[in-house]
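Have a look at the structure below before the remarks.
The values are calculated or read from the model by the stated rules, or taken from the named source; none is laboratory data. As the structure is a prediction and not an experimental result, all values here were calculated from the model. All Cβ positions, glycine included, derive from the backbone under ideal geometry; neighbour counts span all protein chains shown. Just so you know, the surface numbers come from the protein's heavy atoms only, side chains and all, with ligands and any DNA or RNA stripped out. Shrake-Rupley method; radii C 1.70, N 1.55, O 1.52, S 1.80 Å.
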Amino acid sequence: MYLRNCWYIAGLPGEVTNEPVGKIFLGEPVVLFRTSDGTVAALEDRCCHRHLPLSLGKVSNGHLQCGYHGLEFDASGACVSVPGQSRVPPGAAVRRYPVVEMYDWLWIWMGDPDAADQGLIPDVFWRDDPVWVATGEYWAVACAYDLLIDIQLDNTHAPFVHPDTLGSSAITDTAPRVERTDRTVSAGRWMMDVVPSPTFARAIGTEENVDRWLLWEFTPPSLCAFDIGCAMAGSGAETGDRSQGVTLHTAHFVTPETETSCHYFWSVGRNYNVDDIAVTGAMHAEFKSIFSEDVEIVEAQQKSLDNTSVWRPIDVNADAPVLQARQLLKKFISAETDA
Ligand code: FES
Ligand SMILES: [Fe+2]
């Protein structure tokens with residue numbers, strides 16, 4: 001069961017050009033294409049005539065033309081032309097999904113189109129704020145989407161999965177402060193006067209002790225947004241002065257594809273040395289390596305789950321934030337299902 005009345009990331013704007021693109025979201029086939037004014041439209045990827053995937057057709061005069069018998073559909077999903085006859089049969093239409101292009105991503109609303117509210121797109125300001133520089137990638141991942149969310153919110157894996165970059169025993173030694181609102185779960189760890197992890201030692205340019213922060217907010221169904229960084233120990237970062245430190249934002253958006261696969265969009269942004277291309281390249285490479293370590297874990301976890309009929313996990317104290325996030329998502333899904 002998925003949350004439907006919400007925004008998921010459908011892809012990167014550059015992916016959708018003159019050709020239709022077929023994808024699976026939440027187990028449903030969806031075709032994306034650009035209309036004649038350049039806006040992206042998303043329709044059910046199944047022709048209402050004989051059910052050929054519309055992504056096998058082509059875009060013609062801003063309409064999507066089926067590759068089997070040539071029926072044409074506009075951006076609303078209505079059939080507007082049938083070769084060989086002037087009349088379009090009543091009810092000839094496919095489902096439409098609202099799409100918005102924002103923060104250099106394509107966002108899709110998989111629920112009731114009339115309920116789509118652009119104001120609900122999560123704030124990822126640093127993706128297009130000139131004070132920040134952001135980078136990121138899209139990966140197809142072979143696991144259930146919630147496993148990929150779990151690993152992002154479970155920071156105690158860092159010393160074991162990322163020992164050469166983000167890992168440090170300060171994470172496991174510091175309990176997070178967890179807060180919950182109607183719409184989010186957040187957790188914060190402030191690790192004071194600690195040895196910087198290798199990534200932050202490189203970013204801040206010293207191996208002297210730092211005050212390090214690791215703050216995240218989870219917005220159901222699948223946004224994990226992080227504010228991470230460190231500053232020289234005792235320089236006042238915890239009370240708001242980050243001038244002697246470095247801040248990074250990372251975002252992990254996960255769109256379910258099937259029960260055991262998902263679309264993973266990650267991004268990382270920084271507000272220091274923003275014009276230095278070498279720093280951007282190094283940052284991209286470093287986080288790509290870190291996040292690929294996560295993917296290796298969750299794909300192995302999925303294979304393990306595939307081989308068992310029952311999942312009986314034992315929880316430990318460190319699971320509290322993840323369990324709260326799962327509870328909130330479940331509550332959202334129940335509210336939508338019961339409505
Ligand atoms: S299946 Fe699409 S036009 Fe016939
Ligand atoms: Fe990780």
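Looking for whichever is of a type outside the set (Asp, Glu), away from ligand 1 (no atom under 14 Å from the Cβ), touching a strand residue (DSSP E or B) at 6+ places or on another chain (Cβ under 9 Å) and farther than 16 Å from Ala92 by Cβ here; the options are Val21, Val31. Which one fits?
Val21
Can you name the condition, by its number, that Asp193 falls short on among (1) more than 26 Å from the chain's Cα centre (by Cα); (2) without any contact (Cβ under 8 Å) to a residue 40 or more places away in the chain; (3) not in a loop (DSSP other than H, G, I, E, B)?
Of (1) more than 26 Å from the chain's Cα centre (by Cα); (2) without any contact (Cβ under 8 Å) to a residue 40 or more places away in the chain; (3) not in a loop (DSSP other than H, G, I, E, B), only one is false for Asp193: (2).
Need the failing condition index for Leu106 against (1) part of a loop (DSSP other than H, G, I, E, B); (2) in contact with a Gly (Cβ under 8 Å, 6 or more places away or on another chain); (3) among the hydrophobic types (A, V, I, L, M, F, W, C), just the number.
Result: Leu106 passes all but (1).
Name, by its number, the condition in (1) in contact with a Lys or Arg (Cβ under 7 Å, 6 or more places away or on another chain); (2) hydroxyl-bearing (Ser, Thr, Tyr); (3) open to solvent by 10 Å² or more (accessible area, probe 1.4 Å) that does not hold for Ser267.
With (1) in contact with a Lys or Arg (Cβ under 7 Å, 6 or more places away or on another chain); (2) hydroxyl-bearing (Ser, Thr, Tyr); (3) open to solvent by 10 Å² or more (accessible area, probe 1.4 Å) applied to Ser267, the lone miss is (3).
Out of Ala278, Ala339, Ala325, Ala318, report the one residue that is surrounded by 11 or more Cβ atoms within 10 Å (Cβ to Cβ) and more than 18 Å from the chain's Cα centre (by Cα).
Ala318
Quick one: Leu329 ticks every box in (1) in a helix (DSSP H, G or I); (2) without any contact (Cβ under 8 Å) to a residue 40 or more places away in the chain except a single one, so which number is it?
Single failed check for Leu329: (2).
So for the stretch 43-61 (the condition being in a strand (DSSP E or B) and within 11 Å of ligand 1 (Cβ to nearest atom)), does at least one residue qualify?
No, the stretch 43-61 contains no residue that is in a strand (DSSP E or B) and within 11 Å of ligand 1 (Cβ to nearest atom).
Give the stretch 179-216 a look and list any residue that's open to solvent by 30 Å² or more (accessible area, probe 1.4 Å), touching an Asp or Glu at 6+ places or on another chain (Cβ under 8 Å), at pLDDT 90 or above and not aliphatic (A, V, I, L, M), or say none.
Trp190, Asp193, Asn209 - these are the residues of the stretch 179-216 that are open to solvent by 30 Å² or more (accessible area, probe 1.4 Å), touching an Asp or Glu at 6+ places or on another chain (Cβ under 8 Å), at pLDDT 90 or above and not aliphatic (A, V, I, L, M).
Just one of (1) without any contact (Cβ under 8 Å) to a residue 60 or more places away in the chain; (2) outside any helix (DSSP H, G or I); (3) small (Gly, Ala, Ser) trips up Ala10, so point out which.
That leaves (1) as the condition not met.
List the pairs whose first member sits in the stretch 282-308 and is assigned to a helix (DSSP H, G or I), whose second member is within 13 Å of ligand 2 (Cβ to nearest atom) and open to solvent by 60 Å² or more (accessible area, probe 1.4 Å), and whose Cβ atoms are under 9 Å apart, counting only residues at least 6 apart or on separate chains?
Ser289/Asp164
For the stretch 62-87, how many residues meet the condition of being part of a loop (DSSP other than H, G, I, E, B), open to solvent by 30 Å² or more (accessible area, probe 1.4 Å) and more than 8 Å from ligand 1 (Cβ to nearest atom)?
Adding up the residues that qualify gives 7.
Quick one: Ser304 ticks every box in (1) open to solvent by 60 Å² or more (accessible area, probe 1.4 Å); (2) among the small types (Gly, Ala, Ser); (3) closer than 21 Å to Asn5 by Cβ bar one, so which box is it?
So Ser304 meets the others, but not (3).
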